[in-house]
Structures are given as C-alpha cells and as structure tokens.
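Notes for the one structure printed next.
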Amino acid sequence: MIADIPYSEIKIGDSAEISKTISETDVYNFAGICGDFNPLHVDEEFASKTPFKKRIAHGMLGASLISTLLGTTLPGKNTIYMEQNLKFKAPVYLGDTITAKVEVIELIEEKYIAKLKTEAYNQAGEIVIDGQATVMKKP
C-alpha cells in the first residue's frame, strides 16, 4: 500500500525507512535496465582484482531505495522528486542488507516543498550513502 501523507501533516523530524537484501538478480536486472554492465558489477573474476576484491552493486541501485521511500512512504503518493545529492561512502556488496532512511529536515510551506536527509546503511550499521533530497508534495 502506498502512503499519501498530506503536506499539512508532514512535520520536521518525520522519518521512514526500508530494508532490502541486494541479490545477484537485483544487480543483473538493474544493469539490464540502465545498461551499466561495468565488470565491477557483473564479473566476479574482474572484480576480484580490484580494491573491492569482489563484485559491488551499482551505487544508484542502493540510492533507488531512497526513491522508493519518497514515492511510497514519506511523503508517498503524488510526491514530485525535485533534487537529490548523494555521497557514496562505502561499497554495497551482493548479499548486503541495505536500510535506507529519510528524515524531514526543512519545510517550505508556501511552495509545498520538503527537504529530507537521506541515508543508507549496511547490515553492520556502516553508512554507504549520505545525502539530501528535495521534494514537492502538492495538496
């Protein structure tokens, strides 16, 4: 079910999170959708010779969990994603469970805009993505 939080009910400090374990299928499907078949993502032998020592997921695959939260949970339905900055702080390996979290940090009421802190963590609690999103939630 997709949430539909009215702008008037959004408060600073509101937050939401979602977790997903990143599978090999997720990586291949994402590569097929975006066309990024960098061997770092899809070739174990190649990846074993990199500083990561094994394959890593696309950074934007992890970041897509943030988009999922904004469009389905907070604020949810009828949210317009306007801006996102991201810092990829650590790799996401296949099999990692990533928890994405968004938190409202600013409201610009006359424009129906919300700014949210965006983060993603792995199962060890290590931050893998840090950033900020700007969304509009029309009444």
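Just so it is clear, none of the values below were taken in a lab; they were calculated from the coordinates. Keep in mind the model is a prediction, meaning the values are calculated, not measured. Here Cβ is always computed from backbone atoms with ideal geometry, including for glycine, and neighbour counts include all displayed protein chains.
Summary: within the chain, the longest segment free of trypsin sites (Lys or Arg not before Pro) located in DSSP loops with at most 16 other C-beta atoms within 10 Å is 90-139. Per-residue Karplus couplings for the stretch 21-31, computed as 6.51 cos²θ - 1.76 cosθ + 1.60 with θ equal to phi - 60°, are listed in order as 8, 7, 9, 4, 4, 4, 5, 5, 4, 5, 4 Hz, Gly and Pro entered as x. Backbone geometry of the stretch 92-106 corresponds, through the Karplus equation with coefficients 6.51, -1.76 and 1.60 at θ = phi - 60°, to 3J(HN,Hα) couplings of 10, 8, 4, x, 5, 9, 9, 10, 9, 9, 10, 9, 5, 10, 7 Hz, x marking Gly and Pro.
Placing +1 on the Cβ of every Lys and Arg and -1 on the Cβ of every Asp and Glu, with no other charges, gives the chain a dipole of roughly 120 debye about its Cα centre. Estimated from the Cβ-Cβ distance and a Förster radius of 22 angstrom, the FRET efficiency linking residue 138 and residue 17 is about 0.35.
Going by a ≥ b ≥ c, the root eigenvalues of the Cα gyration tensor, does the stretch 84-139 fall in the rounded group (a/c under 1.5), the prolate group (a/b larger than b/c) or the oblate group? Here the stretch 84-139 falls in the prolate category.
Each of 57, 29, 74 was scored by the projection of its Cα onto the charge dipole of the stretch 10-137, and the greatest displacement toward the positive side belongs to 74; charges sit on the C-beta of Lys, Arg, Asp and Glu. Largest first, the three principal axis extents of the alpha carbons in the chain are 53, 28, 24 Å in whole numbers. In order along the stretch 6-18, the Karplus-derived 3J(HN,Hα) couplings, from 6.51 cos²θ - 1.76 cosθ + 1.60 at θ = phi - 60°, round to x, 3, 4, 9, 7, 10, 4, x, 4, 8, 8, 8, 8 Hz, and Gly and Pro are given as x. Comparing 98, 56, 129 in a Gaussian network model of the chain, where Cα atoms under 10 Å apart are tied by springs, the biggest mean-square fluctuation is seen for 56.
Restricting the chymotrypsin sites (Phe, Trp or Tyr not before Pro) of the stretch 9-64 to loop positions (DSSP other than H, G, I, E, B) with no more than 13 neighbouring Cβ atoms within 10 Å leaves 37, 52. Bridgeable lysines around residue 115 (alpha carbons under 28 Å apart, same-chain partners fewer than 8 residues away excluded): 11, 20, 77, 87, 89, 101, 137, 138.
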